[in-house]
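K.L.:
Take this structure first; my questions come after.
The values are calculated or read from the model by the stated rules, or taken from the named source; none is laboratory data. Quick caveat: nothing in here was measured; it's all calculated off a predicted structure. Neighbour counts are summed over all protein chains in view; Cβ atoms, including those assigned to glycine, are modelled from backbone coordinates with ideal geometry. Quick note on the areas: whole protein, heavy atoms, side chains included, nothing else; ligands and nucleic acids left out. Shrake-Rupley method; radii C 1.70, N 1.55, O 1.52, S 1.80 Å.
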Amino acid sequence: SKHTIGQVQALAGLAVVAIQLQDTTAAAAYLDRTSAVLGSVEAADKTPKVALIRGRLALALGHVAEAKHRFEGVATTSSSKATAVDGEIGKAEALLIAGDASAAAESARVALGASISLQSGLPYSQRAGRASLLLGRALQRLGESAAADEAFASAVTNLSNTVDESHPALIEARELSG
């Protein structure tokens, strides 16, 4: 029902805020409540938004393999192309943290291509910006500094036109492009 969907979306949003505030206990509690609303842990885990946020929580807790697994699941099974891109971006981040810069670059390129296709003629995209930032970080680790600089410049351009000045990804992209 719409009521159930609304509750899950609200709880997922609260979990995202808790992760941003580094309150992983509260984030886990909000995500656990989505299971209660949906009737089971399995039902919640099959909800792409919940799975995506569980991946973010796993990353915040340092559980990189679990995060990568959750992000891969979202990237390959979500019926929403935008959510699938978010899964691919999360997967790229998990791969980068795990030390696999080559696979992270590949995943970031997949996310970037899909992000651009979602723009529908619009000039900028926060997803393209986030994917470019991750691509730049991966290329930097691979020693491809010229390509990394291009990716960072693209990240700054996309993010500065789509998110607030205080957004962590924009701040990071500016620092890395400078």
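K.L.:
Do we have V8 as out of contact with any Asp or Glu (no Cβ under 7 Å at 6 or more places or on another chain) and under 23 Å from P168 (Cβ atoms) here? Steps first, answer last, please.
P.N.:
Values: out of contact with any Asp or Glu (no Cβ under 7 Å at 6 or more places or on another chain): yes; under 23 Å from P168 (Cβ atoms): no.
Criteria not met by V8.
K.L.:
Restricted to segment 6-38, and to residues that are without any contact (Cβ under 8 Å) to a residue 12 or more places away in the chain and not in a helix (DSSP H, G or I), which residue is farthest from H63 (Cα to Cα)?
P.N.:
Checked segment 6-38; the qualifying residue farthest from H63 (Cα to Cα) is L21.
K.L.:
So G121 passes all but one of these: (1) modelled with pLDDT of 95 or more; (2) under 24 Å from T162 (Cβ atoms). Which condition number does it fail?
P.N.:
(1)
K.L.:
When the residues of segment 144-178 are filtered to those that are in a loop (DSSP other than H, G, I, E, B) and among the small types (G, A, S), which remaining residue is nearest to K91 (Cα to Cα)? Outline the logic, then answer.
P.N.:
Taking segment 144-178 and keeping what is in a loop (DSSP other than H, G, I, E, B), we get 144, 161-167, 178.
With among the small types (G, A, S) added as a condition, the list becomes 166, 178.
Numbers: S166: 24, G178: 26 Å.
Within segment 144-178, the match that is nearest to K91 (Cα to Cα) is S166.
K.L.:
A further question follows. Would you mind stating whether S160 is more than 18 Å from S107 (Cβ to Cβ), modelled with pLDDT of 95 or more, open to solvent by less than 50 Å² (accessible area, probe 1.4 Å) and of a type in the set (G, A, S)?
P.N.:
Details: more than 18 Å from S107 (Cβ to Cβ): yes; modelled with pLDDT of 95 or more: yes; open to solvent by less than 50 Å² (accessible area, probe 1.4 Å): yes; of a type in the set (G, A, S): yes.
For S160, the condition - more than 18 Å from S107 (Cβ to Cβ), modelled with pLDDT of 95 or more, open to solvent by less than 50 Å² (accessible area, probe 1.4 Å) and of a type in the set (G, A, S) - is met.
K.L.:
Within segment 44-51, identify whether any single residue is of a type in the set (S, T, N, Q), open to solvent by less than 70 Å² (accessible area, probe 1.4 Å) and over 18 Å from T83 (Cα atoms), and answer yes or no. Don't jump to the end; show me each part of the working.
P.N.:
Of all residues in segment 44-51, those of a type in the set (S, T, N, Q) come to 47.
Retained after the next criterion (residues that are open to solvent by less than 70 Å² (accessible area, probe 1.4 Å)): 47.
Adding the requirement that they be over 18 Å from T83 (Cα atoms) leaves none.
Looking for residues that are of a type in the set (S, T, N, Q), open to solvent by less than 70 Å² (accessible area, probe 1.4 Å) and over 18 Å from T83 (Cα atoms), one finds none in segment 44-51, hence no.
K.L.:
Looking at the structure I just gave you, is A92 in contact with a helix residue (DSSP H, G or I) (Cβ under 6 Å, 6 or more places away or on another chain), crowded, with 16+ Cβ neighbours inside 10 Å and either closer than 22 Å to A131 by Cα or small (G, A, S) (or both)?
P.N.:
On the way: in contact with a helix residue (DSSP H, G or I) (Cβ under 6 Å, 6 or more places away or on another chain): yes; crowded, with 16+ Cβ neighbours inside 10 Å: yes; either closer than 22 Å to A131 by Cα or small (G, A, S) (or both): yes.
Against the criterion (in contact with a helix residue (DSSP H, G or I) (Cβ under 6 Å, 6 or more places away or on another chain), crowded, with 16+ Cβ neighbours inside 10 Å and either closer than 22 Å to A131 by Cα or small (G, A, S) (or both)), A92 qualifies.
K.L.:
If you don't mind, another one. Which numbered condition trips up G136, out of (1) modelled with pLDDT of 95 or more; (2) over 15 Å from the mean Cα position of the chain (by Cα); (3) surrounded by fewer than 23 Cβ atoms within 10 Å (Cβ to Cβ)?
P.N.:
For G136, the exception is condition (3).
K.L.:
Which of (1) touching a helix residue (DSSP H, G or I) at 6+ places or on another chain (Cβ under 6 Å); (2) of a type outside the set (D, E); (3) open to solvent by 40 Å² or more (accessible area, probe 1.4 Å); (4) without any contact (Cβ under 8 Å) to a residue 12 or more places away in the chain is the odd one out, the single condition G99 does not satisfy?
P.N.:
Every listed condition holds for G99 apart from (1).
K.L.:
Name the residue that is farthest from A92 (Cα to Cα), counting only residues in segment 55-70 that are hydrophobic (A, V, I, L, M, F, W, C) and open to solvent by 50 Å² or more (accessible area, probe 1.4 Å).
P.N.:
Here is the first cut: in segment 55-70, the residues hydrophobic (A, V, I, L, M, F, W, C) are 57-61, 64-65, 67.
So of that shortlist, the ones also open to solvent by 50 Å² or more (accessible area, probe 1.4 Å) come out as 60-61, 65.
Values: A60: 15, L61: 17, A65: 12 Å.
Applying the filter and picking the extreme gives L61.
K.L.:
I'd like to know if segment 123-133 contains one or more residues that are surrounded by fewer than 19 Cβ atoms within 10 Å (Cβ to Cβ) and within 14 Å of A111 (Cα to Cα).
P.N.:
We begin by selecting, within segment 123-133, every residue surrounded by fewer than 19 Cβ atoms within 10 Å (Cβ to Cβ); these are 123-124, 126.
Those left that are additionally within 14 Å of A111 (Cα to Cα): 126.
Among the residues of segment 123-133, at least one is surrounded by fewer than 19 Cβ atoms within 10 Å (Cβ to Cβ) and within 14 Å of A111 (Cα to Cα), which makes the answer yes.
K.L.:
Which residue is nearest to V8 (Cα to Cα), if the candidates are limited to segment 22-43 and must be open to solvent by less than 40 Å² (accessible area, probe 1.4 Å) and out of contact with any Leu (no Cβ under 7 Å at 6 or more places or on another chain)? Before you say what the answer is, go through the steps one by one.
P.N.:
In the first step, residues of segment 22-43 are kept if they are open to solvent by less than 40 Å² (accessible area, probe 1.4 Å); the result is 24, 26-28, 31, 34-35, 40, 43.
In the following step, the residues that additionally are out of contact with any Leu (no Cβ under 7 Å at 6 or more places or on another chain) were identified as 26, 35, 40, 43.
On the way: A26: 15, S35: 9, S40: 13, A43: 11 Å.
The extreme case among them is S35.
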